[in-house]
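See structure below.
The values are calculated or read from the model by the stated rules, or taken from the named source; none is laboratory data. Not measured: the values here are computed from a predicted model. Note that each Cβ is placed from the backbone with ideal geometry, even for glycine, and that neighbours are counted across all protein chains shown. Areas reflect the complete protein model, heavy atoms only, side chains present, ligands, DNA and RNA absent. Shrake-Rupley method; radii C 1.70, N 1.55, O 1.52, S 1.80 Å.
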Amino acid sequence: MKFQTLRMSSILLTGLIAGTFFYGGLTVLPAFFDVNPYVHLTFRTILMKYNAPVVMTLVIIAIVSQTLYSWQARKINVARVFVWLSLALTISSLLITRILSVPINIVIKTWNPSSPPADWMNIMVTWNVYNTIRTFTAIGSFLLIIIADFWIIKKYENQKTLPVDSGKQTL
């Protein structure tokens with residue numbers, strides 16, 4: 001696979017993930033708390049149905065892309081470290097989602113939106129903490145992959161080629 005394709009797909013996918021979490025955290029979540037619990041919980045449950053497959057697909061494809069990119073960038077010392085760190089943060093976002101957020105989502109789906117449990121707001125606060133953490137890991141991943149790309153461009157701009165497996169590839 002072309003090095004440039006992996007670079008661009010890694011940037012695009014980590015950017016989409018970071019943007020999705022950032023947008024949700026800054027606009028969707030606050031809107032949830034401006035409506036009554038019935039609307040909040042009904043919409044949150046419906047949103048999960050559509051959001052989960054899209055975001056999980058983006059994250060998995062990003063992990064594959066970043067893994068392949070890290071393999072191709074393994075001979076580019078500094079960039080390799082940034083790509084690995086970016087990959088680690090993307091994996092962290094996935095783990096936070098699957099281990100911490102999804103179990104809460106499963107519980108929320110069992111609630112009657114007309115009469116949520118007495119501690120439902122405390123549970124939402126916990127979910128929001130996990131969402132904030134994964135948002136920062138996703139943004140960090142995006143920034144690190146951009147730093148890796150800038151480093152590669154700066155280092156090899158005069159040479160016009162990159163030291164990757166399939167011979168020299170043009171930048």
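Show the residue pairs that are 6+ apart or on different chains and have beta-carbon atoms under 7 Å apart, the first residue being within the range 54-82 and farther than 15 Å from Phe150 by Cβ and open to solvent by less than 50 Å² (accessible area, probe 1.4 Å), the second being of a type in the set (Lys, Arg) and part of a helix (DSSP H, G or I).
Ser70/Arg80
Which of the residues that make up the range 144-155 are among the aliphatic types (A, V, I, L, M) and surrounded by fewer than 20 Cβ atoms within 10 Å (Cβ to Cβ)? Spell out how you get there, then give the answer.
Here is the first cut: in the range 144-155, the ones among the aliphatic types (A, V, I, L, M) are 144-148, 152-153.
Scanning the range 144-155 gives Ile146, Ile147, Ile153.
Could you look through the range 83-97, keep only residues that are buried (at least 17 other Cβ atoms within 10 Å of the Cβ) and among the small types (Gly, Ala, Ser), and pick out the one that is farthest from Asn128 (Cα to Cα)?
Here the answer is Ser86.
Among the residues of the range 98-143, how many are touching a residue at least 40 places away in the same chain (Cβ under 8 Å), closer than 21 Å to Ile17 by Cα, open to solvent by 30 Å² or more (accessible area, probe 1.4 Å) and touching a Ser or Thr at 6+ places or on another chain (Cβ under 6 Å)?
Of the residues in that region, 1 qualify.
Could you count how many residues in the range 21-53 are closer than 27 Å to Ser9 by Cβ, open to solvent by 70 Å² or more (accessible area, probe 1.4 Å) and touching a residue at least 40 places away in the same chain (Cβ under 8 Å)?
Matching residues across the range 21-53 total 1.
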